[in-house]
Amino acid sequence: MKIGYCFTGSFCTFSRSFAALSELVKQGHELVPIMSENAYYTDTRFQKAEEFSARVEDLCGKRIIHTIVDAEPLGPRSPLDILVVAPCTGNTLSKIARGVTDTAATMALKAHLRSDRPTLIALATNDAMSQNLANLAAVLSRKSVYFVPMLQDSPVGKPHSLVAEFELIPRAVEAMISGEQLRPIFLTASS
């Protein structure tokens with residue numbers, strides 16, 4: 001399978017997402033790396049942007065798509081079989097829900113979803129159950145959009161937060177290929 005793998009913000013989850021990306025490569029999939037501009041250029045306490053990008057490119061054997069211009073052909077001229085957005089921030093989720101195309105990530109999503117191709121979202125946001133709840137509901141109901149099962153990472157400290165279980169991405173990809181949503185979508189600490 002030709003899989004687009006997109007990173008957006010939520011830098012604290014990049015290492016978990018990278019591990020899932022590595023597993024998909026081990027399974028023999030062709031991976032096309034994509035990053036929002038913020039993900040591509042921002043140095044954080046979790047990693048230096050240039051070093052992380054080099055690791056992703058080395059693993060995938062391809063240059064990272066990180067501009068709107070380079071992401072646009074993913075729909076009509078160079079289609080992907082599936083697209084994984086891991087992590088998907090609340091900001092990106094809101095853009096998916098409202099059809100905003102202002103980053104390489106949202107352009108890749110628009111190009112991919114315009115043909116109802118399967119898309120897997122690994123959400124990581126502190127406002128999923130507050131400001132972004134309506135956007136979550138809108139995207140959950142879209143045809144060909146699937147979610148990696150998620151849970152509250154800190155119900156007391158961050159009561160509105162939801163974070164995907166990134167370790168489940170390979171299983172969620174398998175389920176999505178079969179046209180199924182991996183369940184349960186919302187996990188509890190004992191799931």
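Nothing in this text is a laboratory measurement; each read-out follows from the coordinates by a stated rule. Not measured: the values here are computed from a predicted model. Neighbour counts are summed over all protein chains in view; Cβ atoms, including those assigned to glycine, are modelled from backbone coordinates with ideal geometry.
Structure data summary
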{"read-out": "Inter-label distance, nm, simple model (7 Å from Cα along the C-beta direction), Val25/Leu187", "value": "2.3"}
{"read-out": "Beta bridge orientation in the range 2-177: antiparallel %, DSSP, nearest 5", "value": "20"}
{"read-out": "Computed lengthening from Ser15 to Ile177, 0.36 nm per intervening residue step minus Cα-Cα distance", "value": "55.9 nm"}
{"read-out": "Whether the range 1-66 is rounded, prolate or oblate, judged on the alpha carbon gyration tensor where a/c under 1.5 counts as rounded", "value": "prolate"}
{"read-out": "Option label - mean projected area of the Cα convex hull in nm² computed here, alternatives (i) 10.0; (ii) 12.7; (iii) 10.7", "value": "(i)"}
{"read-out": "Contour minus Cα-Cα distance for Lys158 and Ser115 (0.36 nm per residue)", "value": "11.9 nm"}
{"read-out": "Extension gain from Met1 to Arg63, taking 0.36 nm per residue of separation minus the Cα-Cα distance", "value": "20.5 nm"}
{"read-out": "Sites Ser78 and Leu140 - FRET efficiency at Förster radius 30 Å, r taken between beta-carbons, to 0.05", "value": "0.60"}
{"read-out": "Fewest-first sequence of Arg45, Arg63 by Cβ atoms within 10 Å of each Cβ", "value": "Arg45, Arg63"}
